[in-house]
Structures are given as C-alpha cells and as structure tokens.
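Everything on this sheet refers to the single structure shown next.
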Number of protein chains: 2
Amino acid sequence: MTANAPPPDRIPLARIVSPRSVAVVGASDDVGKFGGRVFHYLIKHGYPGRLLPINPNRPAIRGLPAFPRLAAAPGPVDVAILAVPVAHLEAQIAEAAGAGVGACIVITAKLAEAGPDGATLQERIVGIARGAGMRLLGPNCLGIFNPVDRAMLSSSLALEADAFAPGGIGVVSQSGALMGTLVSLAHDYGARFSRCVSVGNQADLELCDFLDYLIADEATRVIALYVEGLRSPARFRALLHQARAAGKPVLVVKAGRSAAGVQAARSHTASLAGSYEAFAAVCRDAGAVLLDDWVPMVLAADALDRLPRLRAPGRGVAVMAGSGGSTAILVDQLPEAGLRLAAISDATKAALAQWLPPSHLHLPVDTGNFRDGTSEAGIGAVLRAFMADPDIGAIVVPMTTGPRMAANAALLPPLAREGDMPLLYVMGAGAVGDEARAAMRAADFPYYDRAADALAVLRALEAEAEGRARAGLPPPARPAGAGPLPAPAGLPGGMLTEAEAKRLLAAYGIPTTRERLAADADAAVRAAEAIGYPVALKGVSRAVVHKSDLGLVRLGLADAAAVRAAFAGVAAALERAAPGTMEGCLVQEMARGGIAELILGARHDPDFGPMVMVGLGGVLVELLRDVQLAPAPLSPADAEAMLRRLRLWPVLAGARGRPPADAAAAAEALVRLSWLAADLGPRLAELDVNPLVLRAGGEGGIAVDARAVLRSQANQGRETSR
Amino acid sequence: MTANAPPPDRIPLARIVSPRSVAVVGASDDVGKFGGRVFHYLIKHGYPGRLLPINPNRPAIRGLPAFPRLAAAPGPVDVAILAVPVAHLEAQIAEAAGAGVGACIVITAKLAEAGPDGATLQERIVGIARGAGMRLLGPNCLGIFNPVDRAMLSSSLALEADAFAPGGIGVVSQSGALMGTLVSLAHDYGARFSRCVSVGNQADLELCDFLDYLIADEATRVIALYVEGLRSPARFRALLHQARAAGKPVLVVKAGRSAAGVQAARSHTASLAGSYEAFAAVCRDAGAVLLDDWVPMVLAADALDRLPRLRAPGRGVAVMAGSGGSTAILVDQLPEAGLRLAAISDATKAALAQWLPPSHLHLPVDTGNFRDGTSEAGIGAVLRAFMADPDIGAIVVPMTTGPRMAANAALLPPLAREGDMPLLYVMGAGAVGDEARAAMRAADFPYYDRAADALAVLRALEAEAEGRARAGLPPPARPAGAGPLPAPAGLPGGMLTEAEAKRLLAAYGIPTTRERLAADADAAVRAAEAIGYPVALKGVSRAVVHKSDLGLVRLGLADAAAVRAAFAGVAAALERAAPGTMEGCLVQEMARGGIAELILGARHDPDFGPMVMVGLGGVLVELLRDVQLAPAPLSPADAEAMLRRLRLWPVLAGARGRPPADAAAAAEALVRLSWLAADLGPRLAELDVNPLVLRAGGEGGIAVDARAVLRSQANQGRETSR
C-alpha cells in the first residue's frame, strides 16, 4: 500500500487487547447509539484503565470529563473505538493517527464488504493507519471482550449480561454478531472466556494475529475460531501446529462448505472462502477440530476448558440415566454421531450386579432398574466402575424430569473429577430442570440441554484426542527413489501426454504400465511384441482430455492384426476429433489381476500448497464424494489413515469374502505421489492417476492411466494476499 | 388370559382421559411421595371433577375428606391412580375391581420390564381387571396430562410448571419420563397440548387405543408418539392412514434403530422393538413423520399446531437475518438437513433491489446490508417478496445479538400469518435474547434457540407435506398378468430351487432368463442349442444357498464341448459339497446388454406383513445400506419413488455420461414382485432377485438369479400379540 516500509507499531498487540487507556469516539449517555453503548459497557464491566469519552458537545459523560476530539484527549491513547458514520471514518482515522493513538477498533461497516467504493475507502484508511504505525481492528467488527482484564471494548448486546468472570476460552471471529451470540449463549451455561476478538474485514489486523496472541496468552487454554476467509493461509496452518504443540486445542467453524455459503461469506466480510476441503484437510493434519455449527463449537470449547479431557481417542461411551426412553433414543444416535457404546468389562458387570438384576448388566444403565431404587451410593458405584473400565472413554447422563433432579445432578461433578473422565450431563426438561442446571453451574461443571449437543461435544472431544494422539508422530520422510524431479526441460508447461505424466510417476517410484510410443502401425506391432500380448493401444494427443469418450482407447489386443486395425481406427478417430494433433499411439501392457481401482490426485492449493487426494475409482467417486484429501508430503501412516477413512474402505479391505486388495501398495503410491506434489510445488496445476489398479494383498498395484497439467514457471500460484 | 369373553368396559376410554371422579390411592400432604405428588398436581392444575383421596390414616387431606380404602369411597370412581409398592399392587387392583372403579392408572413399576416374576404378576393384575371390565393404564407409566379438561393425572415433575393452557398437540409415549420432559421443554417455548398419555408397559390399554382416541378427539390437531414396541402393528398402520385422512399429522420417534437401542427398549418397558426398517417404511407409506430425536419431534408438532403448514413439498428455503455469520453457517447446513436454498425469482430480486445494493440480490439476505439500515419497512417488504415467490416454501430467520432484538422479532408473526407460510425464527443468544423470545411467546408464535432445531423442524414439515401430497394417490392396482399364485401343490415349503423361484416370478410377469433344467450333459447340450449359445450353467440343489461360492455357476459357455465340460465340473463340485442332492443343471441364456444390476427382495414382516426391498446390486448394497423398503403391494409411482430415493439412483439415471438404465422396467418388476409378496402373505419367508439385470432405457430388464424360502402352510407368521 505504501511505497516505504511502514513505521513500527506504536503499541504491541497485547496492549490492544488489554489497553491502559481507551478513547470512545462518540461516547454519550444514549445507549441506543453505538458510542453510548460502548462507553456504557466499558463502565458496566469495570474497565480499570483510563477512559476518555470523545464528544464535541458535552463537557462530561457519566461523570468523566469528555474531550471534543481525539487530539484534545490527554495521551497516550492506547485504543480508540470508532463507530462513526462511514462518511466521517477517514477523517477520524486521520485524526487518530495524528493524535498518536496506538490502535483503532473500527466498528463502522459498509467498507469492502459493501462493494468497490467501500473497498477503496478501506484501502485508504489502512494506508493512513499503517503510515503512522497505528493498527486497525475491523472495520465491520464488534471489537474485543477481555474478561481477564475487564476490558470490554465492544458495542455488542451480549454485554448486557452481568459479570463475565474470566476463563480459558479464547475466541477469534470474523463475525461480531456471531461472537456476541456464542459468548452470550455459553455464558448462560457457565462457560468463561479469556479474550474474544471480532476481526471483521481484517483490513489490517487479522485472524492469525490474534490466533498467534492466544497461543502465547497464559489465560487462554482452548481457542475457538469462526473463519470466513483467511488472509494468510500458510501462517494459519503453521499456527495450528504451534497451538497443538502448546497443548491448546483449536476448534474451528468455517463458512463456505456450500456454494451458497461461499457467497454469503463474501457478502458479509468481503472474504474469499477458499477450498473448504483443503481447509478441512489442513485442520485435521494439525489436530484442529473442525465443526459444522457454532453451538457445538463453543460448548466443546467449554468442555475442553472445564472438563477432564479424553485419556485417549477411540474408546466407547457409557450411558446412564433414570429414563429408559431417553437412554434408548440416545444410544440409537451414537453411530451417526461417530461414537459407539462401550463394551463393558466383566469387572464392570460385577460392579453393576451389586445394584441391578442379572438381566440388566449392560449399557445403557437405567437407574430406574436399581433393585433398591435410585440411590447416591448406587450412582457413585456405577460411575466409579465406568471410570475404571478400559473401554469407556466418556460418560453421558441424559436426564429427564424426575424426583431429586438437582440432588442427583450435584452428585456428578465430584465423581467425574475424581475419575478424571469427561462426564456430559444433559438436562432435557424445560424450566422444571433449572434447579438441576443451577446445581451444575454452582459446581462449575458444564451441562447440556440437548442430548444432540452432548453428542456433538463428545465427537469434538474425540477429534481433539485424535489430533493430540497424532502430535507425536515423526514428520514424513522421503522414501527411497522418490524423485528428484526431472530437469526443467523435462517438464513442459500445459497438459502432459499420458506418457509424460507416467514418466513423472515413474521418477517417484510409482509403478506404471510398461509402454512405448509408436509413430505408426509397424512400430506399434513391434512395441506390442516387445511388451507381450495382449496390449492396450491409446491415441496420443495433447489436445484431448478424455480419450475413452472419443474412441481413442482399445483394450485387449491379442495379435498383430488387432494392433494394426486398432492403430488405424484410433488414428482416424483422432483425426476427426483433433486434426493434426496426433503424436502417435501408446502401446501398453494390460494390467492383470486387478481387484480394485483407485483414483489418486494431486494439486497445488492456492491457500495451502501441495495436496493429495484418494478415492475409489469409477462412477461412485463423484456420486458418494468418498474422497480423502491431505496436505503433502505424507507419512505412510497418514496415507494408510486416509485410505481407512474412505467409506468404501471395506471394499479394499475385502468385504463379503472378497480378497483384500494391496492397500499397502496403495498407501505407498500415495506417499510417493505426495512427494512429487511437494517437489512440483506451485507448478502443479493438477495430476490424476486414474486408475491405480490394485492386485490382491502383497501383489502390488500399477498406474494404468495418468494425466497432468503443469503451470509454466512464469505462472505459478502463490500464497494469495487478500 | 381369561377363558371367557371379558365383560364390557365399565367406562369408555374418553372418560379415562377425562374422568368425572378420580381416586388417588396413597394421597397425602407429602409431595415427596408419589401419591402426595399426584394429589397435589390434580389440585394445583385445577381438576374440576370429584377428587377422592384414599388414605387409611387420615380423615382429610388438603381439606378434602379422605377414605380409608377404595371400597369406602363414594362411587362411581372413574379412575383410580395407584403408585403403591409392587408388593401391594395385586391387592389394590382387586380392591379397585371390587369397588367398581372404571380404570386404574398404575404408576407402580418393576412388573414385566423387571423380569419373569414381574411379567407373571402383570398378567395376573390384567386378568383381575379385565375380568371385572376395569381397564388398566400402565403399569410402569406416568399417567395422563389433559390440559383441555384440567385433568393432570400424573406424578410427573413436569407438572411443577404453571398453567398448562390447552392446545392441539396430542402425545402418546411409552416412556413417562420422556413425556414429562418433552412437555416441560415445549411448554417453555409456548407449545400447548391437548392430551398426553404415558402407556408404560401397555399391559392392557396400549398406544393404539390412545392413537385411535386422539384421531377422533376434536381438541387434537397433531399427534406425537414415542414408540418402543407395538402391541398391534397392523392396527397401528391402519390408524396412521386414518390420521392422515383426518388431516392430523403424526410424528413418531421409535427406539430400536440400533442393536443397543433394541436392548434398551426391552429393558425399559418389556417391549420387543420389531424391525425398525419395516416400521419406517410403514410410516412413510402412511405419511407419518419419523424422527430420530424427541426434541425436534415436539418442536415440529408445535410448528404443525401453531404455524401455517407448507403449501407443497419440495420448495426451497429463504434465509434472512442480521448476521452474515449465522446465515452463512446456516446455508451451509441446508443440504445435509435435506433442504435447499430457494432460487429466487426476478420479481423477488426486483423487490430486494429496493433495499439492497445490486451485489446483494441473492439469498441469504443480510439485513445489515440494507442501504439505509435495518428497518421495519425493509424487513416487511423482503418477507412479503419471499412469501410471493413460487420457489420459496418456508423462511428461516437465524437471529443473533443486536439492537432491537425484541422489536424486530415482534414484526415477524403478523407477516408470517398474512403470508400463510411457515417462518422459523431462531434466537441464538443466551438470556440477552429472552426479550425477543418473550415477544414471540406473546404473539403465540414458535421460536427456536438453535438453528439446528429449526432445520430439523423444517425437515419434518417437508416430510409432512410429502405425506400429505401422496394422500390423494389411488391405491395400488394389480397389473395385468401379475398372478394368480400357482396352486398349493406348486408351492413347496422350504427353500425353492432357482428354477422354482423363477417360475413364481414368471407367474407374476417378471421377465426371467430362458432356461431349462437338464438331468445330464446330453440334455444340457440340447437345452443350450434350443436357447442359443452362449449359455450359463448352474448346478441345482436345494441344499445349497450360495452357488457361486462353491463353483456351481459357469458363465459364457460358447459351444457343446464347453457345456459338457461345465456339467461334469459342476456335478463333481456339487457331489463334494452336498452329496446326493443334485437335481440336475439349469441351462440358461446369458443376459446381454445389461448396464446396471439391482437386487429386489420380498419378505413377510411379522409386524407389518408383506414388504419389498430394492437396492443396487453388488458389494455396495451392504456397505452403503443403500436400500429402500416399502409395504406391498406398490403402485408404479411408489416403486419409482423407491428407486429415486436410492443414493445410487444417479447410477441408474445415467451419471457421468453413462446411458440411463431402464428404470421403468425396474419399477414394473418391483410392482409385480410386490403383488407376489402380497399374495404369498405369511408363507413368504424371503425371496431375492439378485441380480435383476437392467438394459438401457426402453430395453427392459431380466431376473438372472433368484432364491426363495417359503414357510409351510402350518408354520406361517402372523401378527404377534405381545
């Protein structure tokens, strides 16, 4: 934006979150106006620093001396909050810059998100600010909630709630209204926050700046993000890894899973959403937990802040309650939530037998079946048995209306803490359950109103534990014979021929069909004889993407006559389809013994760099969207995990008595492809192996067809700067 | 249970729900005890009839004269409520029967659900009651809420809430705790109920009795059911059809989707869950809405009671709110909720253009982008445009924290009523949104706390509209040439051979491969020559289920020598596998030109009678569970709809440039199979056509293999009486 390097920041980011002095431009007594509301909330929530109302028409506001303009306020002003009309914004920013303000929180909207004029104005105010070493948060944001330092720098109506006690949840959100809403909801459940930042249009300070800050922030134990589009994807990815290394779980909701969501995000904060699938792959790789909705995100963040964490991923769920109906419905919901009922041990059964008749020694446990009625001792004994069972990772208690709701609820928090196991208490009733809820709040323990919420939270806890378990794995190592890339001369730009694409694969040790390029029918017969019949024959032209559709592929040619006839037929078809582009025919061995087909893919994502993809071949890939994506390069364990996450994995593993396919060969091909993708970097537009034919276990696999498009050196994708 | 016909009921069922006099056995001042609580709630909720406390130790309770025993109370006693210890239950039932009580509500538990001893006791008390013409509700139930008549006959803590105003939602639940919980939750949202009945173990009166009652009940406009297991499935099915004919939507949650859920239901109310898939098929067929969870069930029931219903199924959803973040997340969730964003018309865009800049004339509408700020006029104009748009079926408004929450909420109910379109208002914030919620309650309008709840409700409204749209279709008509069944002699019991199974198919007009049974190799060659080469040859033995696995199937035999060799090979293989069982070999035409394979199935469900099933052939059927089930017989439209509901339908319809398969032929085969299943009735254990090979559109399909197991006449399934 400016030609010279900008001056250093006047204040560090931590002082923007926790300023020693705050000026409120447009402060007034009228809480119906933005400035009045900001000022009110600062006072209401006990802001301990210097508070400077700016108002040209009033000598004092709520007992504090007011100043007609920022320049007249006694400095230094760490933060100025601006909710001025957009027409006055540029002048106010200039005034703030001139007055030595450290940073402006710009609540004003209708900037870049409103169209080209707004985008130009936004660029101008950023230029003014950065030219002065002043930082900007927003515009189109709702500021900062910082309960740790009682600095509530926001006009959000969420601050109508009383007494935000500090806690461990840090939030960065591109939507201010959503941030206020999620804080307000979770606050009612007893959740507590450290610092919450609404970044709006991210014109200057952006999501990653605050993610970085929260990772280092001592008060923050878990981080929740609402993302519309990233300004610095590579930095985001690196920060996710840093957060995991720091032991701080990161939970993310990202808009733009659907085309309509992409459009909504753009209309909202002028964000380009990027590829959701690549974003999801990067989150998984870094152990961040990606969710579809903000309610489970904030409830899961609270669970990670206040409940014991899962000891390990993959264990089962125990269910106990006093209503057979609610437990029956809940256990039916476990599989689609990606969870399973635990298989309890004999020791657990023996413990249950003290309280339950022999026919009821199984999950779910209905305390209504206790031989001598529901009792504190019985509940304690059952829960202790659960917490000692090696297959139980978590306990869900879906309570309904009944006697002693509050008293029974109050039993649970000490037991869960004693057993160091997450226990998710659900109170399904309406206001008649409020005493039970109050008991949980009094014990500083989370609770849920919906079994569905509890299961979504538990699924997030599982994902967190999976990410944590993977943190210690060694980084991917290059397998022998994977590379190096051919010299640049061997890498033409644009679409490669099948033979060229396969040479790239072969250079990385991926088995390909034996084949030769033949310029005429005689050469094709010689090639077939060298390879051995039967052979396949494919017309070669850089101008043709889908060879099969044009009749350019002939399979199972058994003798010289068949090869000659095929050559003539392919040449004629190609001449019709793309005259003058034929480069010959590829004569190829027929892959034998295949029992399954995979599609492997690689591309360079503009946000996150090299990615690889795998799915089962055939028409079902598109129909079922059963593909897995991961950032390259991969370790063998990563590649195997991708294959196992395919819904059609059982087809590879040998469903219904079929022989298992050589999944190890598939994983190795995927690893090698991932190194090819990593080495090609931005030059790789796309590369598909379709199919990789897999033989039975131990017999390997082979790339039968491949296509690739490379970018020329001059036209490479790179990290976008939005 | 009793040998003689029982005497007539002393009172009709409507008087049990709305009794003129109620005796409470064990009534006391102690609301910590069941009897005390029941008595308290009757008084608290203003029971207008005669109230008779039964207590041997007290002359009066809460100012009403008490009686030492039922027989001492002045009759007639319509209903006695018993929450006595199980050891005293039989004596109390006998006392009630002797005292001329009309019906007993038995809250006492630990009967059939607790094991064999309890089951025996339960049978005895039913015998005593029915022998006297006295009806029983329960045991192991929580009684009846009847807000219409202020008869709250229950100990449920849900009755701690104040003032249950009468409404249109009727409930029958096998779980009393769940009923109390769902009533309590929905009550807080402003939902209102007509009659709610907890049927517990259904020892005498059962779910269908009350479903029947609610269909006729004038106060009830929509019915919600929680089912663990049905006592009279055929009656249940007929009642669902009656409810639809009466214009009363039925919503159902059923336990037992998973094995663990089946076990939980059995432990809870001694219910056998039956096949969930058959239950679901019957619900769909009757237009009942089956849900996975009780929260969306009761919220959807409320929406059907208080909101305008969808005009037609299949339309899109419009989304409007003041937070771009919440709308972006919501539109991303539509597809997985089975919903879609509407495609707005040019007229709607023109209306939006009055308020929004040209770049924002699309869904979702973010009122934050209104050119002149959010306004009442703008909200009204946008909603009116939505309600006039032919592709918009419903509107979702996912609100977050913001200024004027309550005032903006209050705008919506009159607009939705004016436009006669469901509008689902979501207030995502915590207590700071309570004023907005109160505004909706004051307008007698539903609202939601979770966007996820609103989407689940909308999905249920869609299902209701789909069921309503199908109500007017004519009943299935038997196609020409479908049947009649062969004479009984032609229907052996046990497993049929492939040829026998195919003769059954052929008798119903389902095309089968031409084939002949050959006793020896010479006959096989003659058969092959009559049919035309190439042929298939299959060993025939009633003892073998999976022919392919044993090498008993040889395909593509091109000449006489191949047929002879195959016959010898098959005979040898069969002699090894099942000595002495060979009935010859089936010589069969090879099905040509197939482009897709289906599996068709038929069976007689013990609960719901004949059912047909369809799925795409191959290993994926089991893996993806991509099958559709429906009660037989089917209409052609039913059959086509089943095919279209398959996830793999696009494979049949011609995905990725493949030619479409002859789906009409598949539908016709399914219809014909459904008549075969209907005619076989309980004799049909199971019948599979696997595969039905489909050729391209218009070229038909053919049953290539079939297997069937029939029950002998003496051993037929029939409606179970549990």
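Tabulated data
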{"quantity": "Yes/no for B:Gly654 being in contact (Cβ under 8 Å) with a residue 60 or more places away in the chain and not aliphatic (A, V, I, L, M)", "calculated": "no"}
{"quantity": "Test: residue in region A:24-38 that is modelled with pLDDT of 95 or more and more than 23 Å from A:Ala161 (Cα to Cα)", "calculated": "yes"}
{"quantity": "For A:Met440: the one exception among (1) away from chain B (no Cβ under 14 Å); (2) of a type in the set (A, V, I, L, M); (3) farther than 21 Å from A:Thr374 by Cα", "calculated": "(3)"}
{"quantity": "Residue match in region B:138-153 (condition: surrounded by fewer than 24 Cβ atoms within 10 Å (Cβ to Cβ) and in a loop (DSSP other than H, G, I, E, B))", "calculated": "yes"}
{"quantity": "Meets criteria (in a helix (DSSP H, G or I), over 34 Å from the mean Cα position of the chain (by Cα) and either loosely packed, with under 14 Cβ neighbours inside 10 Å or not small (Gly, Ala, Ser) (or both)) for A:Val540", "calculated": "no"}
{"quantity": "Test: A:Ala158 is within 12 Å of chain B (Cβ to nearest Cβ) and among the small types (Gly, Ala, Ser)", "calculated": "yes"}
{"quantity": "Residues of region A:309-333 satisfying the condition of being within 7 Å of chain B (Cβ to nearest Cβ) and touching a residue at least 40 places away in the same chain (Cβ under 8 Å)", "calculated": "A:Gly322, A:Ser323, A:Gly324, A:Gly325, A:Ser326, A:Thr327, A:Ile329, A:Gln333"}
{"quantity": "B:Gly472 vs. criteria surrounded by fewer than 18 Cβ atoms within 10 Å (Cβ to Cβ) and closer than 27 Å to B:Ala245 by Cα", "calculated": "yes"}
{"quantity": "Odd one out for A:Ile223 among (1) modelled with pLDDT under 95; (2) crowded, with 21+ Cβ neighbours inside 10 Å; (3) more than 23 Å from A:Ala632 (Cβ to Cβ); (4) touching a strand residue (DSSP E or B) at 6+ places or on another chain (Cβ under 9 Å)", "calculated": "(1)"}
{"quantity": "Residue match in region A:109-122 (condition: assigned to a helix (DSSP H, G or I), closer than 25 Å to A:Pro12 by Cβ and touching a residue at least 40 places away in the same chain (Cβ under 8 Å))", "calculated": "yes"}
{"quantity": "Matching residues, region B:594-612, being more than 18 Å from B:Ala661 (Cβ to Cβ) and either in a strand (DSSP E or B) or of a type in the set (S, T, N, Q) (or both)", "calculated": "B:Gly601, B:Ala602, B:Arg603, B:His604, B:Asp605, B:Gly609, B:Pro610, B:Met611, B:Val612"}
{"quantity": "3 or more residues touching a residue at least 24 places away in the same chain (Cβ under 8 Å) and buried (at least 21 other Cβ atoms within 10 Å of the Cβ): qualifying helices (runs of 4 or more DSSP H) within region B:10-100", "calculated": "B:34-44, B:86-98"}
{"quantity": "For A:Ser323: the one exception among (1) within 18 Å of the chain's Cα centre (by Cα); (2) over 18 Å from B:Gly324 (Cα atoms); (3) surrounded by 24 or more Cβ atoms within 10 Å (Cβ to Cβ)", "calculated": "(1)"}
{"quantity": "A:Leu52 vs. criteria over 15 Å from A:Ala151 (Cα atoms) and not acidic (Asp, Glu)", "calculated": "no"}
{"quantity": "Lone unmet requirement of (1) in contact with a Cys (Cβ under 9 Å, 6 or more places away or on another chain); (2) of a type in the set (Phe, Trp, Tyr); (3) away from chain B (no Cβ under 14 Å) for A:Phe145", "calculated": "(3)"}
{"quantity": "Condition check for A:Ser275: under 30 Å from A:Asp204 (Cβ atoms), buried (at least 24 other Cβ atoms within 10 Å of the Cβ) and more than 9 Å from chain B (Cβ to nearest Cβ)", "calculated": "no"}
{"quantity": "Test: B:Pro631 is surrounded by fewer than 22 Cβ atoms within 10 Å (Cβ to Cβ), in the same structural domain as B:Gly681 (by TED's automatic domain parsing) and over 11 Å from B:Leu694 (Cβ atoms)", "calculated": "no"}
{"quantity": "Single unsatisfied condition, B:Ala637 versus (1) surrounded by fewer than 22 Cβ atoms within 10 Å (Cβ to Cβ); (2) more than 14 Å from chain A (Cβ to nearest Cβ); (3) in a strand (DSSP E or B)", "calculated": "(3)"}
{"quantity": "Residue count, region B:555-570 (criterion: farther than 12 Å from B:Glu589 by Cα and touching a helix residue (DSSP H, G or I) at 6+ places or on another chain (Cβ under 6 Å))", "calculated": "4"}
{"quantity": "Test: residue in region A:339-354 that is within 11 Å of chain B (Cβ to nearest Cβ) and more than 19 Å from A:Asp391 (Cα to Cα)", "calculated": "no"}
{"quantity": "Any hit, region A:501-523, residues being touching a Ser or Thr at 6+ places or on another chain (Cβ under 9 Å), modelled with pLDDT under 90 and either among the small types (Gly, Ala, Ser) or assigned to a loop (DSSP other than H, G, I, E, B) (or both)", "calculated": "no"}
{"quantity": "Filtered residues of region A:185-204 (kept if buried (at least 24 other Cβ atoms within 10 Å of the Cβ) and either among the aliphatic types (A, V, I, L, M) or within 17 Å of A:Pro166 (Cβ to Cβ) (or both))", "calculated": "A:Leu185, A:Ala186, A:His187, A:Phe193, A:Ser194, A:Arg195, A:Cys196, A:Val197, A:Val199, A:Ala203"}
{"quantity": "Helices (runs of 4 or more DSSP H) enclosed by region B:163-268 - at least 1 residues per element that are away from chain A (no Cβ under 12 Å) and over 19 Å from the mean Cα position of the chain (by Cα)", "calculated": "B:207-216"}
{"quantity": "Test: residue in region A:183-191 that is within 21 Å of A:Glu113 (Cα to Cα), at pLDDT 95 or above and not assigned by TED's automatic domain parsing to the domain that holds A:Tyr447", "calculated": "no"}
{"quantity": "Residues located in region B:345-379, provided they are among the aliphatic types (A, V, I, L, M), closer than 18 Å to B:Gly325 by Cα and in contact (Cβ under 8 Å) with a residue 24 or more places away in the chain", "calculated": "B:Leu363, B:Val365"}
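Results for (1) more than 29 Å from B:Lys547 (Cα to Cα); (2) of a type in the set (A, V, I, L, M, F, W, C); (3) in contact with a strand residue (DSSP E or B) (Cβ under 8 Å, 6 or more places away or on another chain), shown as yes or no for each residue.
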position: B:Val627; (1), (2), (3): no, yes, yes
position: B:Ala637; (1), (2), (3): yes, yes, no
position: B:Pro682; (1), (2), (3): no, no, yes
position: B:Gly697; (1), (2), (3): yes, no, yes
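The values are calculated or read from the model by the stated rules, or taken from the named source; none is laboratory data. All values reported here derive from a predicted model rather than from experimental measurement. When we count neighbours, we look across all protein chains shown, and the Cβ atoms used for this are built from the backbone with ideal geometry, even at glycine.
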